[in-house]
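Inspection log for the structure reproduced underneath, given as structure tokens.
A short reminder: the numbers here are calculations on the coordinates, not readings from a lab. As the structure is a computational prediction, the values presented were derived from the model and not from experiment. All Cβ positions, even for glycine, are placed from backbone atoms using ideal geometry, and neighbour counts span all protein chains on display.
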Amino acid sequence: MQVVILDSPEAVAEYGAQIFIRQLKKQPHSVLGLATGSTPVALYQKLIDANQKNEISFRDVTTYNLDEYLGLEGDHPQSYRHFMNQQLFDHIDIDKTRTYVPPGSASNPIQACDEYEQMIAASGGINIQLLGIGRNGHIGFNEPSSGLLSRTRVKTLTQETIDDNARFFSEDEYQPHLSITMGIGTILDSQQVVLLATGSSKADAIYRAVEGPMSASCPASALQMHQNAVIVIDEAAAANLEHREFYKHIERENQKLLAQLGN
Ligand code: GLP
């Protein structure tokens, strides 16, 4: 894993955005895996800015989102489809018919999960998968105890995740307890994974993901098995890492190397 520790959430968003911008310049027909939550919002804003300045185009891009609440229609204000439209898709030159979010309102969710896997495969797989992380170490909605090679499926949310996400729902609003999520195995199949985390509330999850044993009790720890996983975090989220000075040293060396290579 490449662990990149930066001074601020703004720097985390910028570093993450540059990975996507480089990818889109190199491969305009990219397949991107996208995430919801508050963490990627600043990165999406940077992609919107780059698109509006004609630095990158999404015309030929296909996207797959990680997860969706089961039982919410795509036009529900708390659905992840609605979130993605508002935070990204409505503001860029993407063909929305190629933006896929697991269908939370599917009449047969189990079949819909298999179809989602088939669609990703038919697109040729995901080039870069963006991830946030839950305080309990979840990625997508792969809660602790998720199989480390699991595929897209219906997943029950933990009370901790329901409580963390309750801030998005009004008091009398129905908040789903089930989701459809890409599996950890689905995520691991992506060519590259970029996980962003900021703030002290993520410090324990980041410690367990990066330096803890690989275990289903911290789903993000499965990224230790990925051949190209970049963990981009701010100082607050890095606070519990034992080897953080070493990670900073590695990143400085990487940047020197890239400068020498003219990148
Ligand atoms: C939700 C999403 C995750 C996301 C997590 C953290 O549970 N399903 O994909 O990583 O929230 O969200 P935030 O970035 O708001 O902390």
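Per-structure values
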item: Residue 56 long-range amide H proximity, modeled H, under 5 Å; result: 51
item: Antiparallel DSSP beta bridges within the chain, percent to nearest 5; result: 30
item: DSSP beta bridges in the stretch 1-148 [antiparallel fraction, %, rounded to 5]; result: 10
item: Proximal charge balance of residue 163 [Cβ under 14 Å; K/R count +1, D/E count -1]; result: -2
item: Under 17 Å from the residue 59 label point (7 Å along Cα→beta-carbon), backbone N, the stretch 3-30; result: 24-30
item: R0 of 25 Å, Cβ-Cβ distance residue 215-residue 246: FRET efficiency to nearest 0.05; result: 0.65
item: Nearest-20 debye value, the stretch 2-261 charge dipole, Cβ charges on Lys, Arg, Asp, Glu; result: 780
item: Of 171, 14, 55, the one that fluctuates the most in a GNM where the chain has Cα springs shorter than 10 Å; result: 171
item: Helix-only mean residue ellipticity at 222 nm for the chain, each DSSP H run of n ≥ 4 adding -39500 (n - 2.57), per residue, nearest 500; result: -10500 deg cm²/dmol
item: All lysines inside 21 Å of residue 46 as judged from Cα atoms, apart from same-chain residues fewer than 8 positions distant; result: 25, 26, 96
item: GNM flexibility winner over the chain from 140, 212, 33 (Cα, springs under 10 Å); result: 212
item: Label-to-label distance, nm, for residues given as residue 169 and residue 236 (7 Å Cα→Cβ offset); result: 2.6
item: Separation of the residue 91 and residue 107 label points, Cα + 7 Å toward Cβ, nm; result: 3.7
item: DSSP beta bridge pairing in the stretch 94-228, given as percent antiparallel to the nearest 5; result: 60
item: With 10 Å bins from 0: P(r) over the chain, alpha-carbon pairs, percent; result: 7, 31, 38, 20, 3, 0
item: Computed label-point distance, nm, for sites residue 26 and residue 98 using a 7 Å Cα→Cβ extension; result: 1.9
item: Candidate aspartates and glutamates for bridging to residue 155, where Cα separation is under 17 Å - those fewer than 8 sequence places away on the same chain excluded; result: 67, 68, 114, 115, 117, 143, 163, 164
